[in-house]
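Each value in this text was obtained by applying a stated rule to the coordinates, not by laboratory testing. In this text, all values refer to a predicted model and were calculated from it rather than measured experimentally. Cβ placement follows ideal geometry from the backbone for every residue including glycine, while neighbour counts extend to all protein chains displayed.
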Amino acid sequence: MPEACWCEEQETGNKMKTVILGGTVYDGSGGPPVEQDILVENGRILDVGRFSYIEDAVRINAAGKAVTPGFIDAHRHGDFAVFTDKGLGEAELAQGITTMLVGNCGMSAAPTGRAFRKQWYDFLEPCLGKPPGTEGWDTFPQYLDQLEKTDLPLNVGALVGLGSVKTAVKGFSPEKWTEEEMKAGQKLVTEALEAGAWGISCGIMYVPECYWSSKEYIELLRPAAVYKRPLCCHLRGEGDGLEAAVEETAGIALEAGLALHISHFKVTGRKNWKKTLPRVIEKIRRYREEGQDITVDFYPYTGGSTTLLTLVPPCCQEGDMRAVLNRLSAKEGVRRLRKELLKDHPGWENMVKAIGWERVIISSVVTEKNREAQGLTLPQICERYGDEDEAASMARLLVEEEGKAGIIVMSMDPEDVETAAKLPYGSVISDALYGAPDFPHPRLYGAFARVWSEYVMKQGILSPQEAVYKMSGLPAGRFGLEDRGLIQKGRRADINVFDPERFCDTATFTCPVRLAEGMDTVLIDGQAVWENSRWTGRRQANALRAGKG
Ligand SMILES: [Zn+2]
């Protein structure tokens, strides 16, 4: 019945027209800007050009403003925050982020095996924040169903994390996969891709993935190739082990028949600064020349963010979390930790050795007792709390916080970050963590605005069109978000309007909870979600499923 369909569209669709007039339009393709008008109707871009008069249209005067596609942050750890953080949306929209992908670094909210769910969620808490209730979901399709039922302030899609898959099947065990476990793992990956995961992520640096061999990855990923979605890798090593880690993942992706996307591409550790990255980039250039599909992403800061537990060598991490913490609570355990932290560990990055304790800052704790440690370096904490040394502070914090302590590691060199930013196949991400709402890494509030204000306007590292491409068209293309990421006739009308001189980040490492400034208007599906430099509070965005538009 055509009439009924038409009525439905009248009710649910956005019939209202909007015209954005006279802005400098960066269409997201990387091409030069053009002064143009954009006509929006029914949530989509109806036309781009010059329009003298449009009847019944809401007019947005964009003269002197930059007009861009809504930005796509393909790496935000908002898996739990979409359900638990009532303020979610403001920090994102203030930077013009209209779409985010969650489930990165091997850490997705689903699948979870019932037996190991608590243990896995405890492990995720410093990155993802508190999980929503105890019920949750067991399967990836259930997670996406839940997203669909939620009122979302921005579009959200998800990757399936192999850390989650592994834990669902066999917990944190370092044992090799049995044939039966492998089949169960493959089934979970396939089920997620079938349900609409935008890609697969892995966190090879972290437990429980760090125990795997390339062969096991290839085997687990073999059935995934037909879906043609990228493998997003948090590498095994980002310091001394960077080159070997890139070789490893390139090999895995090639063998498994998947495109490779290297997450937060960077090099850490003082002795690698300015040396290792150019060498690794040359290697990637060769792989690409040989026809392998490899891209990367980066965030515009010299400090990274992770959890304190990741600084503990794997040999001190055997068993489940309780066993690890039990050992660390005894003198002998601390002695062993101290000794192991002074050594190199083949196949694992010893961050403490690479950058020194003075570059490790505690960013989040859960107990009141250690609240004052937030924002302090390990040597400062050692002094303040009268610990024997930094290793003892680390062990004490891990035990008292039950493993849930977040850290910022000032591990990178500005020149290297710039080198990664300039790569034509490198998109912008935030890598925002939601585990420490009072003291997050500033990238949660500022990454996208910072690329514009710092890398484009202040330092001229990127041209405006390059930066916009890296924040919209490039990630859209990489993940197959075909409906978004470009200002183009027929695409969804996710559009930002901002003053190019004023759009900037204000969050810093010492004052991280500060919204970006200068964003005037943000549309999602043609609806104003950010207006007059403020969040409208609207939550009508979409849960996005790959392969389903
Ligand atoms: Zn990561």
Item to check | Wholly enclosed strands (runs of 3 or more DSSP E) of the range 25-93 bearing at least 3 residues more than 17 Å from Trp530 (Cα to Cα) | outcome: 34-41, 44-49
Checklist entry - Do you know which of the residues in the range 65-117 that are over 29 Å from Ile38 (Cα atoms) and of a type in the set (Asp, Glu) is surrounded by the fewest Cβ atoms within 10 Å (Cβ to Cβ)? => result Asp85
Next on the checklist: Restricting to the range 484-501, name every residue that is more than 19 Å from Gly30 (Cβ to Cβ) and in a loop (DSSP other than H, G, I, E, B).
Outcome noted: Gly490, Ala493, Asp499, Glu501
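Residue under question is Gly333, and the condition is that it be assigned to a loop (DSSP other than H, G, I, E, B) and more than 22 Å from the chain's Cα centre (by Cα); does it hold? Before the answer, list the steps.
Values: assigned to a loop (DSSP other than H, G, I, E, B): no; more than 22 Å from the chain's Cα centre (by Cα): yes.
Taking the combined requirement at face value, the residue does not satisfy it.
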Item to check | Considering residues of the range 268-285 that are more than 14 Å from the ligand (Cβ to nearest atom) and not in a helix (DSSP H, G or I) only, the residue nearest to Cys105 (Cα to Cα) | outcome: Gly269
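Yes or no, residue by residue, for (1) among the charged types (D, E, K, R); (2) away from the ligand (no atom under 16 Å from the Cβ); (3) assigned to a helix (DSSP H, G or I); (4) under 22 Å from the mean Cα position of the chain (by Cα):
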| position | (1), (2), (3), (4) |
| --- | --- |
| Tyr206 | no, no, no, yes |
| Glu216 | yes, yes, yes, no |
| Arg222 | yes, yes, yes, no |
| Ala225 | no, yes, yes, no |
| Gly239 | no, no, no, yes |
| Val246 | no, no, yes, yes |
| Ala250 | no, yes, yes, yes |
| Leu258 | no, yes, no, yes |
| Lys266 | yes, no, no, yes |
Item to check | Whichever residue in the range 61-95 is of a type in the set (Gly, Ala, Ser) and in contact with a helix residue (DSSP H, G or I) (Cβ under 6 Å, 6 or more places away or on another chain) and, among such residues, is farthest from the ligand (Cβ to nearest atom) | outcome: Ala91
Item to check | Subset of the range 104-137 [within 16 Å of the ligand (Cβ to nearest atom) and under 14 Å from Val366 (Cβ atoms)] | outcome: Phe123, Leu124, Glu125, Pro126, Cys127, Leu128, Gly129
Checklist outcome for this item: Those residues of the range 228-237 which are part of a loop (DSSP other than H, G, I, E, B) and under 19 Å from the mean Cα position of the chain (by Cα) amount to Arg229, Pro230, Leu235, Arg236, Gly237
Checklist entry - Among the residues of the range 344-360, is there at least one that is among the hydrophobic types (A, V, I, L, M, F, W, C), touching an Asp or Glu at 6+ places or on another chain (Cβ under 8 Å) and farther than 27 Å from Asp431 by Cβ? => result no
